[in-house]
Every structure is written in C-alpha cells, then in structure tokens.
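Trainee: Below is a structure I'd like to ask you about.
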C-alpha cells in the first residue's frame, strides 16, 4: 500500500496532532511519520499501520492512499459487503453490490453498520467531556471539537449506508439525533 505524503501532512494538520503524537497513537516511530509526510514519492506502509493512521487522523479508510494505487480499501465492493470498502465506494458501486448480495450478506452488513454506529456513538461523551472541560488547554479543547465534528461526519456517512441497505424498513431516530445535537451545540462550537 502506498500513501500520499501531501495527504498525510494535510490530514495531520487538520487533526492538529504532532508527528510524535501520531507516531505514538499508530505505534510507530516519529521517523516513520516524518517519512510518510516528506517522501518525494508515494511511501509504502503496512496495511495495519495504514488503517490505524486513518483512524488516528479521523479520515475515511483509504483517503490517504495515492490516486495511482488506491489500495484495497478504496476499490469497488466485492462479495460480502465489507463496510470499509462500501464506505468508500461510489453510490453506483454500492447499489450494484447490494443488488448482487444475498439477503444474509445484507443482514450481516446492516448489523455491522449498527455495531459500528453504536461504538462510534459511545465515543462521543469522552470527546464532549474534553471539549467542555475548562481545565484543559485551548488546544486540547479545539482538538476535541475537531474530533467531534469528524465523528458526526462519520455517523452521517454510516446513516446513509444503513438507509441504503435497510431501505424504508427502519426509521432513523431523527428527532432523538436533532435533540442531542441541539443540547450539545455549545460543545460542538455551533
């Protein structure tokens, strides 16, 4: 897998993390992060480190990959409706994959989305606590607000994927979500 140095630099800047913070969170050396960001050409990276890097920087899987070699995370979905692949696939590819999938595959895919939504949802309170904690530095609170914004983007994307697979069978709790957003607007910086 190859990552784009400019994409890594930009994502780290948006996440407001130092190279050392990224290295520690990914479980690698500061030199590796430097190399990922300053390579003259696309830089090779292990798939496990690539997944962790995307997670730490709060970007969708595959988004740091080079255009020449997007890697397996950005390819059109194949059998089995893998969430990482469907997350990045075009609406046309997702539609085709859902039509070709068995009912059992669609059911497993919907359950995976629901599990991920629940996991992501549970992380909100931790970030909200940091964003609202006046004993934290302004930078820490700003990073937390940025992470909250990325989490909401991620939840929105997952909601779209879930609606695509379950259709009109299930209604998303829009009132509940709207109430939650209104009650937490100050933390989100709105």
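The values are calculated or read from the model by the stated rules, or taken from the named source; none is laboratory data. All values reported here derive from a predicted model rather than from experimental measurement. Backbone-built Cβ (ideal geometry, glycine too); neighbour counts: all protein chains shown.
Trainee: Based on this model, can you work out whether residue 45 counts as surrounded by 17 or more Cβ atoms within 10 Å (Cβ to Cβ) and at pLDDT below 80?
Mentor: yes
Trainee: Continuing with this model, one more query. Please find, within segment 15-30, the residue that is surrounded by the most Cβ atoms within 10 Å (Cβ to Cβ) out of those that are closer than 18 Å to residue 148 by Cβ and touching a helix residue (DSSP H, G or I) at 6+ places or on another chain (Cβ under 7 Å).
Mentor: Looking at residues that are closer than 18 Å to residue 148 by Cβ and touching a helix residue (DSSP H, G or I) at 6+ places or on another chain (Cβ under 7 Å), I get 15.
Trainee: Right, something else. Looking at residue 78 and the list (1) modelled with pLDDT of 85 or more; (2) part of a loop (DSSP other than H, G, I, E, B), which single condition is not satisfied?
Mentor: Condition (1) is where residue 78 drops out.
Trainee: Could you give me the residue pairs with C-beta distances under 7 Å whose first residue belongs to segment 43-61 and is farther than 17 Å from residue 13 by Cβ and assigned by TED's automatic domain parsing to the domain that holds residue 116, whose second residue is part of a helix (DSSP H, G or I) and modelled with pLDDT of 85 or more wherever it lies, and which are 6+ apart or on separate chains?
Mentor: The qualifying pairs do not exist here.
Trainee: For the list (1) assigned to a helix (DSSP H, G or I); (2) free of Cβ contacts under 8 Å to residues at least 60 places away in the same chain, I need the number of the one condition that residue 134 fails.
Mentor: Answer for residue 134: the failing condition is (1).
Trainee: Cβ-Cβ below 8 Å, separation at least six or inter-chain, first residue in segment 2-13 and more than 13 Å from residue 61 (Cα to Cα), second modelled with pLDDT of 85 or more: which pairs?
Mentor: Qualifying pairs under 8 Å: 12/19; 12/22; 12/57.
Trainee: Which of the residues spanning segment 1-59 are touching a strand residue (DSSP E or B) at 6+ places or on another chain (Cβ under 7 Å) and assigned to a helix (DSSP H, G or I)?
Mentor: Answer for segment 1-59, where residues must be touching a strand residue (DSSP E or B) at 6+ places or on another chain (Cβ under 7 Å) and assigned to a helix (DSSP H, G or I): 5, 35, 36, 50.
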